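The values are calculated or read from the model by the stated rules, or taken from the named source; none is laboratory data. None of these values were measured; they are calculated from a predicted model. Note: ideal-geometry Cβ built from the backbone for every residue, glycine included; neighbour counts use all protein chains shown.
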Amino acid sequence: MDRLISKLLFFAACSSTAILALIALFIFKEGVPIMIKSGLGHFIFGTVWQPLEGRFGIFPFIVGSIWVTIGALVLGVPFGVACAVFLAEFAPRSWVNFLKPAIELLAGIPSVVYGFMGVVWLAPLIRNYLGGPGLSILAASCVLAIMILPTIVGVSIDAIQAVPKTYKEGSLALGATQWQSTWRIILPAAKSGILAGVILGMGRAVGETMAVIMIAGNATQIPHSILDSVRTLTANIAMEMGFAVGEHRQALFATGVVLFFFIMILNSIALRFAKKKF
Amino acid sequence: MISRSINALAVLMGAGLIFAALACSGCSRSSANSITLAGSTAFQPFAEKLAEHYSQLHPEVRINVQGGGSAVGIQSALSGAAQIGMADLLDLPPEAKALDSTVVARDGIAIVVNPENPVRSITAQQAKEVFSGKIANWKELGGADTLIRVVSREEGSGTRRSFDTLVLGAERLSPKALFQDSNGTVRETVAADPNAIGYVSIGLVNEKVKAMTYDGIAPTHENVKSKKYPLARPIFFLTKGEPSVASKEFINYVISGEAQRNLEKEGLIAR
Amino acid sequence: MRIPPNITQNIARSLLFLATAAAVGILIFVIGFVLAGGLRHVSWSFLTGPIIDMGRSGGIFPAIIGTGLMILVAIGIAAPLGVASAIYLAEYTSVGRLTNAIRFGINCLSAVPSIIFGLFGFLLFVVMLGFGWSILSGGLSLAAMILPTIILTSEEALRSVPLQYRNVAASLGASRWQVVTKAVLPYAMPGILTGVILSIGRSMGETAVVIFTAGSAVQMPRSVFDSARTMAVHFYILAREGLSSDMAYATAAVLICAILVINISAYAMMHRLMRGRRTA
């Protein structure tokens, strides 16, 4: 009986691994040939995306994804770390029990709702007061910053709480204020954990599709300012997926491969940072 | 109490497996009474209305309509994901040669601007230059001194391909253009931005946007019907091989007098 | 001029408080806006009525059923498979290269953007396997998407069980499976269930995967082979095409309420079970 169960569990584990490997293989099998055919350099750095003419350069979309992600980090990281510090160090315990789940709830709201709010509220504001089409890098960055906030806050709180109490107690005993201890001792010690959270947030921002399609405008050119419209890698896949065939479809899978590697690298870096021991 | 949670989990798992088994043994997918249409977002709202009427007449038939653009329509018909592909193109591309086509309606394309925009007319030459990016400021068309924002469809769209051929000709679309993935969203984007210009199917123009006259000809029903308004294309229903009985009957319904009159009432042109 | 440290402390504390307040404020704004715009259109007939005129009037019952069926399919496949795999990885294997490799692979896949699962699901289920746009295709694609997360969270929950529990049970003569069911699983259950419930919440809000695999039919689905909308897809279409902002807000209100209920019950369960354990 016990052996039967252990065989069943083994089967489950194998199936899971097989399914996930199948997905990875599928994506690679479809995507890699076109990358080789166009030449890896041409594919990644080519600036012209005219799929119906066989030209597959995804550089504008890479730039779009990068700008939007960096924007999200610039807005989200200070915001998120500030919240984390407040919740971990300065807020009364009773508040934390309510505030921490509240911030985590931000991650539960569907991305299409955020996108919609962005289109209805944010884009007109940007268009009327700052110029440009409104559907822009800035709008996308703001929305993404809100979406990745819970990730950054959660991981940062864990990182701050993982710092041994002796650090803080020693600092306070020497006469430092709580803020001085936090700023000069605890945060530097928690740096790698916070960085891990930031990188995880980055991965999430790069992977977001629906909100970005709604508010970034999807222009195919390389942007020159944060008020310009962009198309990200994920938006490009989503917009063309339904009708792409042949090489065009393979090019979309290849975009998926690029995304896959990018996020895999980000995650590995994050894991290594998160493992720091004291 | 904890063991109750284990029981809950076990029940959930069991339910899942039983459900999966039941679902597979349930109605088979190739149900003769189910039709899927996919493709043109210009025709999609009308297809949905027709489907709603048809279902009242024939309640046992289930019709579901997807969008995605004309290229999705062609691909779905070819792959079998849809029984009927919808495409609004001037003429069918080579990959659609393997499909049988039926013209079900004609539709015009209107160039639209925001209601706040005073510019209401555009010539063919101006349209070509605006959409290719050569004219970049509204003042060159007699409007305010602001940048023109071009909104377009993605490449798989029949409306886009028809527009490219009829208006742009040999020119390319402006690299600064914004893209949206359906007629409805192009309309909404133009409706929200006072400096935007775009193109949508005439059947989808509503009070949120203003349609411009093209070379002096207004994009009205009569003008499209009499072929005076040049920006128009047919709408095809595409089927592969021998269509199912349900599909054939639905197509016959769509080309019948009653349905065609309904389409005309809603803003399309009868075939 | 050097600012005295207690003044910097007060300034810092105020700024940090403002940041947190802003974050919570945004949450309240988004949820409040949607609920304010939407709840007044939500009625019993809205919740049980059919989608009429592409969503401009009527109700959202088909979308509710579509959402429910799709989640049932997704969880029905991913939960048993994922938890069983996690049990195997955590309890039946020792730390080794193969296990580490598998865990790394699962980690990577949990970070893959959802659109890739949509692409994969569209090609495999809709086109190649011939399921077409259907709840089945959507549910299977969602299952693939949440499987890594369920495995990871379940495994972590299992690993967090202290070694003594296993040792004591084993020393009392329990077989491996009995150790798992009697000593380990009860302790890990809150973590496992939370992971499953949060995956449900994530699936409800997921649009990219669903729209490409399950399509967007407005009728009530008759079986899992029919195409159907989820509430998120319905909201997306209504909002984007400008069909009816009232109905869009109402749908979003229902959707957000459902997600709130799911998330809050996940927390409540976590809390209660953990508190129960602490006093035990």
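Enumerate the pairs (first residue in the range C:99-115 and at the interface with chain A (Cβ under 7 Å from one of its Cβ atoms); second residue anywhere and among the charged types (D, E, K, R) and surrounded by fewer than 21 Cβ atoms within 10 Å (Cβ to Cβ)) with beta-carbon separation below 8 Å, excluding pairs fewer than 6 apart on the same chain, so at least 6 apart or on different chains.
none
Considering only residues of the range C:153-164 that are of a type outside the set (S, T, Y) and surrounded by fewer than 24 Cβ atoms within 10 Å (Cβ to Cβ), which is farthest from B:I35 (Cα to Cα)?
C:Q164
Which numbered condition in (1) surrounded by fewer than 20 Cβ atoms within 10 Å (Cβ to Cβ); (2) more than 14 Å from chain C (Cβ to nearest Cβ); (3) more than 21 Å from the chain's Cα centre (by Cα) is the only one that A:F43 fails?
Among (1) surrounded by fewer than 20 Cβ atoms within 10 Å (Cβ to Cβ); (2) more than 14 Å from chain C (Cβ to nearest Cβ); (3) more than 21 Å from the chain's Cα centre (by Cα), the lone unmet condition for A:F43 is (1).
Go through the range C:165-195 and report how many residues are closer than 30 Å to C:G121 by Cα and crowded, with 23+ Cβ neighbours inside 10 Å.
Count: 3.
Any residue in the range C:130-152 that is touching a helix residue (DSSP H, G or I) at 6+ places or on another chain (Cβ under 7 Å), surrounded by fewer than 24 Cβ atoms within 10 Å (Cβ to Cβ) and within 11 Å of chain B (Cβ to nearest Cβ)?
Yes, the range C:130-152 has at least one match.
Is it true that A:Q221 is assigned to a loop (DSSP other than H, G, I, E, B) and either in contact with a Pro (Cβ under 7 Å, 6 or more places away or on another chain) or free of Cβ contacts under 8 Å to residues at least 24 places away in the same chain (or both)?
Against the criterion (assigned to a loop (DSSP other than H, G, I, E, B) and either in contact with a Pro (Cβ under 7 Å, 6 or more places away or on another chain) or free of Cβ contacts under 8 Å to residues at least 24 places away in the same chain (or both)), A:Q221 qualifies.
So, in the range A:249-259, of the ones that are within 9 Å of chain C (Cβ to nearest Cβ) and more than 14 Å from A:T232 (Cα to Cα), which residue ends up modelled with the lowest pLDDT?
The qualifying residue modelled with the lowest pLDDT is A:R249.
Determine whether the range B:106-124 contains at least one residue that is in a helix (DSSP H, G or I) and over 20 Å from B:V254 (Cα atoms).
Checked the range B:106-124: at least one residue is in a helix (DSSP H, G or I) and over 20 Å from B:V254 (Cα atoms).
Give the range B:135-152 a look and list any residue that's more than 19 Å from B:Q180 (Cβ to Cβ), of a type outside the set (S, T, Y) and either in a helix (DSSP H, G or I) or touching a residue at least 24 places away in the same chain (Cβ under 8 Å) (or both), or say none.
Correct list: B:W138, B:K139, B:E140, B:L141, B:G142, B:G143, B:A144.
How about the range B:201-210: which of its residues are among the hydrophobic types (A, V, I, L, M, F, W, C) and away from chain C (no Cβ under 11 Å)?
B:I202, B:V205 - these are the residues of the range B:201-210 that are among the hydrophobic types (A, V, I, L, M, F, W, C) and away from chain C (no Cβ under 11 Å).
Restricting attention to the range A:102-118, does a residue exist that is surrounded by 15 or more Cβ atoms within 10 Å (Cβ to Cβ), more than 11 Å from every other protein chain (Cβ to nearest Cβ) and closer than 24 Å to C:Y249 by Cα?
No - not one qualifying residue is present in the range A:102-118.
Residue by residue through the range A:76-96, note down the ones that are under 14 Å from A:L187 (Cβ atoms) and free of Cβ contacts under 8 Å to residues at least 24 places away in the same chain.
A:P78, A:A82, A:F86
Mind listing whichever residues of the range B:186-213 are modelled with pLDDT of 90 or more, surrounded by 24 or more Cβ atoms within 10 Å (Cβ to Cβ) and of a type outside the set (A, V, I, L, M)?
The answer is B:R187, B:T189, B:G198, B:Y199.
Being surrounded by fewer than 24 Cβ atoms within 10 Å (Cβ to Cβ) and in a loop (DSSP other than H, G, I, E, B) is the filter; apply it to the range A:224-241 and report the residue that is nearest to the chain's Cα centre (by Cα).
A:I226
Out of all the residues in the range B:41-57, is one or more in contact (Cβ under 8 Å) with a residue 12 or more places away in the chain and on the phi > 0 side of the Ramachandran plot?
No, the range B:41-57 contains no residue that is in contact (Cβ under 8 Å) with a residue 12 or more places away in the chain and on the phi > 0 side of the Ramachandran plot.
Can you spot a residue in the range A:57-67 that is under 29 Å from C:L124 (Cβ atoms) and over 22 Å from the mean Cα position of the chain (by Cα)?
Yes, that holds for at least one residue.
Could we say that B:Q75 is within 8 Å of another protein chain (Cβ to nearest Cβ) and crowded, with 24+ Cβ neighbours inside 10 Å here?
yes
What is the number of the single condition among (1) surrounded by fewer than 24 Cβ atoms within 10 Å (Cβ to Cβ); (2) under 25 Å from B:F43 (Cβ atoms); (3) charged (D, E, K, R) that C:D246 does not meet?
That leaves (2) as the condition not met.
Among the residues of the range A:137-164, write down those that are within 18 Å of A:A102 (Cα to Cα), within 16 Å of the chain's Cα centre (by Cα) and of a type outside the set (S, T, N, Q).
Correct list: A:V143, A:L144, A:A145, A:I146, A:M147, A:I148, A:L149, A:P150, A:I152, A:V153, A:G154, A:V155.
Can you name the residue in the range B:181-200 that is of a type in the set (S, T, Y) and assigned to a helix (DSSP H, G or I) and, of all such residues, is farthest from the other protein chains (Cβ to nearest Cβ)?
B:T189
Quick one: would you say C:F125 is out of contact with any strand residue (DSSP E or B) (no Cβ under 7 Å at 6 or more places or on another chain), in a helix (DSSP H, G or I) and without any contact (Cβ under 8 Å) to a residue 60 or more places away in the chain?
No, not satisfied.
Restrict the check to the range A:17-34 and report whether at least one residue is facing another protein chain (nearest Cβ under 7 Å) and over 22 Å from A:I237 (Cβ atoms).
yes
Can we say C:G96 is more than 13 Å from chain B (Cβ to nearest Cβ) and free of Cβ contacts under 8 Å to residues at least 60 places away in the same chain?
Yes, satisfied.
Quick check, is C:G118 within 14 Å of chain B (Cβ to nearest Cβ), small (G, A, S) and under 30 Å from A:F243 (Cα atoms)?
It is true that C:G118 is within 14 Å of chain B (Cβ to nearest Cβ), small (G, A, S) and under 30 Å from A:F243 (Cα atoms).
Return the residues of the range A:140-190 that are crowded, with 18+ Cβ neighbours inside 10 Å and among the aromatic types (F, W, Y); say none if nothing qualifies.
A:W179
All but one of (1) out of contact with any helix residue (DSSP H, G or I) (no Cβ under 6 Å at 6 or more places or on another chain); (2) not in a helix (DSSP H, G or I) hold for C:R272; which doesn't?
(2)
Given the criteria crowded, with 22+ Cβ neighbours inside 10 Å and either within 18 Å of B:E266 (Cα to Cα) or modelled with pLDDT of 90 or more (or both), does B:A47 qualify?
yes
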